[in-house]
1. Mind listing the phi-derived Karplus ³J(HN,Hα) values for the range 49-57, rounded to whole Hz, using 6.51, -1.76 and 1.60 with θ = phi - 60°, and x for any glycine or proline?
2. For the chain, modelled as a GNM with alpha-carbon contacts under 10 angstrom, which of A81, A95, A35 fluctuates the most?
3. Which net charge results for the neighbourhood of I89, defined as the other residues with beta-carbon distances under 15 angstrom from its beta-carbon, given Lys and Arg at +1 and Asp and Glu at -1?
4. Between D91 and D77, 0.36 nm times their residue separation minus their Cα-Cα distance comes to what?
5. Quick one: accessible surface of L54, probe radius 1.4 Å, all protein chains present, in square angstrom to the nearest 10.
6. If I build a Gaussian network model for the chain, linking alpha-carbon pairs within less than 10 angstrom, which residue out of I144, I129, I12 has the largest mean-square fluctuation?
7. Step through the residues of the range 113-120 one at a time and calculate ³J(HN,Hα) from phi using the Karplus curve (6.51 cos²θ - 1.76 cosθ + 1.60, θ = phi - 60°), rounding each to whole Hz and writing x for Gly and Pro.
8. Which residues make up the longest stretch of the chain clear of trypsin sites (Lys or Arg not before Pro) that lie in a DSSP loop with no more than 16 other Cβ atoms within 10 Å, not counting the sites?
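The values are calculated or read from the model by the stated rules, or taken from the named source; none is laboratory data. What you see is a predicted model, and the numbers here were worked out from it, not measured in a lab. Cβ coordinates were reconstructed from backbone atoms using ideal geometry, including for glycine residues, and neighbour counts include every protein chain displayed. We work out accessible area using only protein heavy atoms, side chains counted, and drop any ligands, DNA or RNA first. Shrake-Rupley method; radii C 1.70, N 1.55, O 1.52, S 1.80 Å.
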Amino acid sequence: MSMILEIAALVIVTFSAWRVLRRTRPDLPVGRVAAVVLGVYAAFLGGAHGVFELQQSGGAPDGIMINAIGDPCEPADEWHACFPAMTVIPDIHAAGVLVLLTAASIFVWSVFFVQRPRGGPVLVALAVIFLLVGGGFFPPFYAIIGGIARWRVKSA
């Protein structure tokens, strides 16, 4: 239920930003605004995963599934389920560093370069990398939705 509320809030923020920005630029496409809002949100939310992964004691994960917030966090007891993620990186600290670098890349791309002709596909590719290095599940999902909005919404 909380994910539905979060998505609804992001939709409201995106369209509100688009309506406000259209007063100064009537030709501003909603796909670009959606890509910027969702990309920036994904970068900050995924960056939190990276910070929590860096705070762990380190070492190799037990498999590809990890919790960004380590012990003593119990996923069943916390509303955030200890920030679950997946990573193909064999070290938690290295995964945290890569998550932060990827989050910074998504942020910079979303703010400064998403308006380019291939801005949407590059944002989607960065989101897939984000998923594979340990950026969680929801942040890459939001970045993919923003990339698709930029890529496929007509006149974007």
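1. 4, x, 5, 5, 5, 5, 7, 6, 6
2. Of A81, A95, A35, the Gaussian network model singles out A81 as fluctuating most.
3. So the surrounding residues net to -3.
4. Here the answer is 2.5 nm.
5. Approximately 70 Å² of L54 is accessible to the 1.4 Å probe.
6. Its mean-square fluctuation being the largest, the pick is I12.
7. So the Karplus estimates, Gly and Pro as x, are 10, 5, 6, 5, x, 9, x, x Hz.
8. 24-117
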